[in-house]
Every structure is written in structure tokens, then in C-alpha cells.
Amino acid sequence: MEILIKNARVVDSSQDFIGDVYINSGIIYEIGKKLEKDCEVIDGEGYILAPSFIDLHSHFREPGYTYKEDILSGSKAASRGGYTAVNLMANTKPVCSRMETINKVLKKAREINLVDIHQCASITENLWGESIDHLYELTNEVKFISDDGKGVASSRVMLDAMVVAREKNLTIISHAENEQLVDLDTRLAENMMTWRDIALSKFTGCKLHLAHVSTKEAMQDIIEGKKQGVRVTCEVTPHHLALTEETVYRVNPPIRSPEDVAFLIEAIKDGFVDTISTDHAPHSIEDKINGAPGISGLETAFPVCFTKLVGEGHITLNKLSELMSKNPAKIMGLNKGEIKIGYEGDLVILDTKTKYNIDTSEFLSKGGNTPFEGKTVTGKVICTIKAGNVVYKDKIFR
Ligand code: DOR
Ligand code: ZN
């Protein structure tokens with residue numbers, strides 16, 4: 001499979017130039033100007049050509065909650081959002097604790113073959129917060145473990161899990177929420193668990209990734225941990241960057257104050273935030289009415305981040321590419337996320353000029369749960385290319 005994208009503005013974390021990119025056999029083969037090839041050609045004039053996005057934090061709900069999302073609808077939503085790789089959380093039914101369940105997800109993902117899918121295993125069996133015996137049975141396909149959706153209540157269980165994770169070279173993704181305190185104060189619940197997990201990571205030497213960091217204090221502790229050389233990385237979500245608490249929408253952790261948002265953006269600028277992850281959490285209308293927390297985020301992540309972060313002048317498009325492509329690829333160990341010869345030919349074509357309104361009726365995700373419905377944004381994914389194959393094309397694109 002060969003494809004040539006011509007005359008685009010080629011942007012990744014470290015480059016910005018007008019030129020052509022040629023993909024052969026799934027790999028970026030040549031980068032230059034005025035390339036001529038006898039293959040499918042896409043005219044990229046007037047558009048941005050960037051590495052596809054990589055999401056460290058998505059919920060595709062299969063098995064068990066496929067009325068909210070399944071691997072096919074989640075994969076289609078990812079492609080439409082410009083993503084070619086996702087890391088799925090384990091809060092399915094049954095929970096992804098054992099290889100038997102994980103292998104079923106991976107098999108189906110391979111059959112669909114729209115995005116590269118990594119499936120997390122749970123830290124504790126069935127998310128019950130107790131046994132970690134299943135961790136010994138995990139095979140090399142599993143790189144991350146997480147009880148996302150809940151915090152691991154017992155410090156001793158988390159410590160023991162970190163010891164095993166360190167031995168097996170697994171990264172723990174922490175949903176930092178103290179369930180004994182969350183009814184009283186969600187901020188205290190997040191801050192205490194963030195501090196604890198960093199302390200445990202420092203003690204055990206285990207790689208720790210903090211999910212959906214939302215408070216100033218949690219980010220301050222992460223910054224301090226990083227300065228001390230703790231093996232900690234972190235993500236923020238588009239909604240925790242673009243919204244403040246005046247937007248009433250249930251998500252976990254909650255939307256925070258303008259002061260928190262400003263601090264998260266400063267932390268991005270200062271290089272302390274590793275990735276922007278979606279926490280794509282699709283729900284049915286009924287579940288949402290009944291209080292399910294979460295936002296269907298894959299199809300709005302780029303426009304929301306582009307509009308907020310680049311549009312308002314906080315960061316460059318290079319920096320956004322680092323947060324959405326280069327860094328998550330590195331954390332997942334993927335040969336993607338930059339436009340360099342020898343990297344996988346996973347690219348997106350973006351229109352960053354036209355204003356439009358987010359319209360959930362166009363979503364490919366089963367979940368239309370988003371506070372961004374109707375919002376005016378710039379930054380549209382108009383084509384997603386995976387390993388040299390066009391896997392998504394917007395209707396306006398020639
Ligand atoms: O809002 C959220 N929804 N936060 C989480 O941590 C879990 C997620 C879900 O699974 O719905
Ligand atoms: Zn979470």
C-alpha cells in the first residue's frame with residue numbers, strides 16, 4: 001500500500017514546513033518537496049498533515065456494556081477523532097483481569113483493525129480492591145494496569161501491586177480518588193490519592209501514570225515528584241482544560257475552578273504534563289440521566305484542544321502534537337507519533353481554519369454524552385491514515 005500526501009503544512013512536535021510525505025508498506029518512506037510517485041495521491045494544500053493522535057485513556061465498554069460502546073463503534077469514533085492507537089481501561093463486564101477476557105478484546109480489535117488497541121488489565125481482580133494474584137498470569141501483551149473508574153483503596157494492596165508491576169515492567173495508571181473522602185470533598189479525595197501513589201511509586205520504583213489530573217495541588221505534587229526523579233508521568237483531559245465549574249456536567253474527577261485550569265495550562269507550558277488523554281467515557285442517555293459520570297471524548301478532543309490551547313495562544317501546534325502524539329506513543333512504546341522516515345505511516349489531515357459547531361448527531365461513537373454539543377470550534381480532522389490506508393475521510397474532503 002502506497003500513498004503520497006502533497007503540498008501540506010507538515011507539523012509534528014519538532015517540524016513545521018510545506019511539503020510531501022510518502023508512505024510505502026505502512027511506513028513513512030520519504031519526506032520532501034515535489035515528490036512524484038505512481039500511487040494514490042492526496043492533495044494536502046491548505047491543510048495540516050500531522051501524526052495521528054494516540055489516546056492513553058479510553059473506555060470502549062466491551063465486553064459487557066456494549067449498549068454504551070463496543071470495539072467497532074469505539075474504533076470508528078477513534079478514527080473520526082484522528083486516533084490510530086488507544087489504551088482501553090479495564091472496567092468492563094467481566095472486568096479485564098484475566099488474559100482470557102483481554103485476549104478476546106485483542107482478537108476482536110485485530111479483526112476490526114481500524115486502530116491499534118492495547119487493553120489494560122485491572123490492578124485488583126474484578127476491581128474489588130483486594131487480590132492481585134491475577135497479575136502474575138499477565139502476558140507480554142499487557143503493558144498497563146489500572147482500576148480506572150475507582151481508586152485502589154488499600155495502600156498496602158497498591159504497594160504490593162507496584163512491586164509486581166515493577167518486576168513485570170508494567171506501568172500503573174492511577175485513577176486517584178479516595179473513596180472514603182469523595183462524598184465530602186472530591187478535591188481532597190484526588191489530592192490525597194495522588195500524593196499517596198507518588199509516595200508509593202517513589203518507594204517501589206514502579207512506573208506510575210496519573211490519569212485525568214484536575215487539581216492544582218495534585219499537579220504540584222506531580223511536579224515535585226518529577227523534580228525528585230520519581231518515575232511518574234501524567235495526563236490531563238480536554239474537558240479539564242477547556243471547561244470550568246460553571247459548566248455543570250457530571251464527570252469524574254469533576255470540572256474544576258478557573259485557577260485549577262490556569263495551573264494545568266501553565267504545567268503544560270512548563271513541560272510537566274506528558275499527554276492529553278480523552279478519558280473517552282461513552283454512556284447511554286438513560287445511564288447519563290441516572291448520573292453516570294463521563295464524556296464521549298474521542299471525536300472532540302482535537303477541536304477542543306486546538307481551540308482552547310492553540311487558538312487562545314497558550315501553546316503551539318508543535319506542542320499539541322507532542323502531547324497528543326509523540327509523548328503518548330513513547331509511553332506506549334509505539335513507533336508512531338512523529339513524521340520521520342521509518343515511523344509508522346499513521347497521519348491525520350487537519351483543517352485548522354474553518355469554524356464549525358460540534359454536532360453529536362455526526363458522532364460515530366454510540367455515546368453522545370458531551371457538554372461540547374453545539375460549541376463553536378476550529379480544528380477538524382478531515383482524514384485519518386493508518387499504516388498508509390485511509391481509514392476515515394470527512395464528507396467535505398474532496
Ligand atoms: O468520568 C469518568 N467516567 N471517569 C472515570 O474515571 C470512569 C469513567 C467511566 O468509566 O465511565
Ligand atoms: Zn478514571
Could you pull out the residue among 242, 176 that is within 15 Å of ligand 2 (Cβ to nearest atom) and either under 19 Å from the mean Cα position of the chain (by Cα) or closer than 24 Å to residue 373 by Cβ (or both)?
176
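Table: residues versus (1) polar (S, T, N, Q); (2) in contact (Cβ under 8 Å) with a residue 60 or more places away in the chain.
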position	(1), (2)
173	no, yes
178	yes, no
185	no, no
200	no, no
203	no, no
206	no, no
210	no, no
Residues that are modelled with pLDDT of 95 or more, of a type in the set (Val, Ile, Thr) and closer than 23 Å to residue 327 by Cα, at least 3 per element: which strands (runs of 3 or more DSSP E) completely within segment 1-42 meet that?
27-32
Since residue 225 meets every condition but one in (1) part of a helix (DSSP H, G or I); (2) under 27 Å from residue 296 (Cβ atoms), which condition does it not meet?
(2)
Determine if segment 132-144 includes at least one residue that is within 16 Å of ligand 1 (Cβ to nearest atom) and in contact (Cβ under 8 Å) with a residue 24 or more places away in the chain.
yes
What's the number of the condition residue 180 fails, among (1) away from ligand 1 (no atom under 13 Å from the Cβ); (2) of a type outside the set (Lys, Arg); (3) in a loop (DSSP other than H, G, I, E, B); (4) crowded, with 19+ Cβ neighbours inside 10 Å?
(4)
Within segment 341-374, work out how many residues are without any contact (Cβ under 8 Å) to a residue 24 or more places away in the chain and in a loop (DSSP other than H, G, I, E, B).
3
Among residues belonging to segment 246-263 that are β-branched (Val, Ile, Thr) and surrounded by 15 or more Cβ atoms within 10 Å (Cβ to Cβ), point out the one that is nearest to the chain's Cα centre (by Cα).
251
Which is part of a loop (DSSP other than H, G, I, E, B) and either closer than 29 Å to residue 365 by Cβ or away from ligand 2 (no atom under 16 Å from the Cβ) (or both), of 157, 142, 105, 86?
142
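The values are calculated or read from the model by the stated rules, or taken from the named source; none is laboratory data. Quantities reported herein were computed from a predicted structural model and do not represent experimental measurements. Note that we place each Cβ from the backbone using ideal geometry, even for glycine, and neighbour counts take in every protein chain shown.
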